[in-house]
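A short reminder: the numbers here are calculations on the coordinates, not readings from a lab. Not measured: the values here are computed from a predicted model. In this analysis, Cβ positions are derived from the backbone assuming ideal geometry, glycine residues included, and neighbour counts consider all displayed protein chains.
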Amino acid sequence: MIPYSELANNIRSIRLGAHDQRFFHFLGEISQEEDAAGRGLLTVLVVHRSGDMQPGPGFYELAKLLGRDTTDLLRCWIEELHRVHAVWGK
């Protein structure tokens with residue numbers, strides 16, 4: 001898991017802030033590409049630093065668009081974490 005702000009700070013090729021719309025678009029593209037390749041929504045790992053420590057609303061909007069059941073956000077998040085971990089956790 002990595003907070004939005006930490007990930008944004010680690011990107012060196014362009015300057016993006018944790019609340020920059022370009023950053024959110026970038027994350028969406030990553031998830032769409034990974035999902036199309038059968039590896040799940042990789043950005044499920046990018047979360048709020050505090051509070052619920054889950055992905056933001058854009059993640060769930062994309063998840064719904066890509067056919068995930070988002071009626072229970074916590075369940076959606078956990079299922080996607082399992083999907084991604086099954087591929088990358090080896």
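Amide H contacts under 5 Å for V47: I2, Y4, restricted to partners 5 or more places along the chain or on a different chain, H placed in the peptide plane at 1.01 Å from N.
Mind checking which of V44, Y60, T70 is farthest towards the positive end of segment 2-88's charge dipole, using Cβ charges of +1 (Lys, Arg) and -1 (Asp, Glu) about the Cα centre? Ranked along the dipole, the leading option is V44.
Shown in residue order for segment 8-18 are the 3J(HN,Hα) couplings computed by the Karplus curve 6.51 cos²θ - 1.76 cosθ + 1.60 at θ = phi - 60°: 4, 5, 7, 7, 9, 6, 9, 8, 10, x, 5 Hz (x for Gly and Pro). Put in order of Cβ neighbour count within 10 Å, fewest first, the listed residues W88, W77 become W88, W77.
3J(HN,Hα) along segment 45-55, derived from phi through the Karplus expression 6.51 cos²θ - 1.76 cosθ + 1.60 where θ = phi - 60°, amounts to 7, 9, 9, 5, 5, 9, x, 6, 6, 10, x Hz, with x in place of Gly and Pro. Estimated from helical segments only, the mean residue ellipticity of the chain at 222 nm is -16500 deg cm²/dmol, where each DSSP H run of four or more residues counts as -39500 (n - 2.57).
What ranking do D20, D35, D52 get, fewest neighbouring Cβ atoms within 10 angstrom at the top? Could the numbers behind the result be given before it?
Details: D20 14, D35 21, D52 11.
Least to most surrounded, the residues fall as D52, D20, D35.
The residues L73, L42, L27, when put in order of fewest to most other Cβ atoms within 10 Å, stand as L73, L42, L27.
Modelled this way, with points 7 Å down the Cα-to-C-beta line, the labels at Q32 and T71 are 2.7 nm from one another. Compared with the dominant Cα axis of the chain, that is its longest principal axis, helix 73-88 is turned about 80°.
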